[in-house]
1. Is there any pair with a first residue in the range 144-158 that is touching a residue at least 60 places away in the same chain (Cβ under 8 Å) and of a type in the set (A, V, I, L, M, F, W, C) and a second that is surrounded by 10 or more Cβ atoms within 10 Å (Cβ to Cβ) and not in a loop (DSSP other than H, G, I, E, B) whose Cβ atoms are under 6 Å apart and which are 6 or more apart or on different chains, and what are they?
2. Which residues, counting only those in the range 72-84, are open to solvent by less than 40 Å² (accessible area, probe 1.4 Å) and within 11 Å of the chain's Cα centre (by Cα)?
3. Which of the residues belonging to the range 161-176 are more than 18 Å from ASP17 (Cβ to Cβ) and modelled with pLDDT of 85 or more?
4. Return a yes/no flag: does the range 82-102 have any residue that is part of a helix (DSSP H, G or I) and farther than 20 Å from VAL127 by Cβ.
5. Taking the conditions exactly as written (surrounded by 16 or more Cβ atoms within 10 Å (Cβ to Cβ) and closer than 26 Å to PHE160 by Cα), does GLY88 satisfy them or not?
6. Can you find, within the range 97-113, the residue that is surrounded by the fewest Cβ atoms within 10 Å (Cβ to Cβ) among those that are modelled with pLDDT under 90 and within 14 Å of GLU135 (Cβ to Cβ)?
7. Just give me the residues in the range 49-62 being open to solvent by 40 Å² or more (accessible area, probe 1.4 Å) and either of a type in the set (S, T, N, Q) or modelled with pLDDT under 90 (or both), in sequence order.
8. Could you grab me the full set of residues in the range 25-41 that are open to solvent by less than 20 Å² (accessible area, probe 1.4 Å) and in contact (Cβ under 8 Å) with a residue 24 or more places away in the chain?
Amino acid sequence: PPYGRTVRDLHPVARADWRTVLVKSLNAGMAISAERLSHEQIQDCVRAFGFGASTSVGVPGEIGGLVTSPAAWSKYTQTSVSMGHEIGVTAVQMVRAFSVFCREDGMLPSVRVAGGTNLSSSMQLPVIPPRIALEARSAMEGVLTEGTARGAKSSLYRMFGQTGTAQLPKPAGQGK
């Protein structure tokens with residue numbers, strides 16, 4: 001098991017390439033990928049997507065979200081973050097990060113509230129190579145046509161997305 005913990009998928013797949021991991025939202029595939037990266041590489045990726053820092057949109061009380069500090073980062077954290085757990089983000093952060101896949105260049109855009117002023121720099125920051133952004137977007141189109149979000153597919157619009165895995169705490173302190 002990855003880093004000594006059990007990782008479950010709702011619909012397990014015996015062998016999967018990277019596209020299938022994204023389309024089928026396979027936690028095991030994400031955990032295996034995370035094990036291939038150093039803690040610093042995952043932390044750098046989290047920061048590159050803008051998590052853990054304010055977006056500076058000018059919304060009073062905006063926070064940077066919750067990201068485990070490098071000092072507290074563990075093997076368990078490595079696996080958890082790869083599946084979207086053990087991290088807390090704001091809605092604006094999530095939209096901004098997802099925008100990287102909407103763009104042709106893999107850049108993290110600055111954001112502003114409609115009708116408001118953009119208090120952050122208009123400079124865009126590179127996150128991933130354009131080829132990777134397009135490949136991920138293509139896989140995320142598959143999420144709506146053959147994956148975990150088929151019910152959200154539109155006959156009117158070309159869409160892409162990603163589903164998540166919710167784990168609700170039990171009284172005994174374990175998820176699911």
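1. Filtered contacts from the range 144-158: no entries.
2. If the condition is that a residue be open to solvent by less than 40 Å² (accessible area, probe 1.4 Å) and within 11 Å of the chain's Cα centre (by Cα), then VAL81, SER82, MET83 are the ones that fit.
3. Listed by number, the list holds a single entry, GLY161.
4. Within the range 82-102, none of the residues are part of a helix (DSSP H, G or I) and farther than 20 Å from VAL127 by Cβ.
5. no
6. Checked the range 97-113; the qualifying residue surrounded by the fewest Cβ atoms within 10 Å (Cβ to Cβ) is GLU104.
7. If the condition is that a residue be open to solvent by 40 Å² or more (accessible area, probe 1.4 Å) and either of a type in the set (S, T, N, Q) or modelled with pLDDT under 90 (or both), then SER54, SER56, GLY58, VAL59, PRO60, GLY61, GLU62 are the ones that fit.
8. Correct list: ASN27, ALA31, ALA34.
The values are calculated or read from the model by the stated rules, or taken from the named source; none is laboratory data. These numbers come from a predicted model, not from an experiment. Note: ideal-geometry Cβ built from the backbone for every residue, glycine included; neighbour counts use all protein chains shown. Heads up: the accessible areas ignore ligands, DNA and RNA and are worked out on the full protein's heavy atoms, side chains in. Shrake-Rupley method; radii C 1.70, N 1.55, O 1.52, S 1.80 Å.
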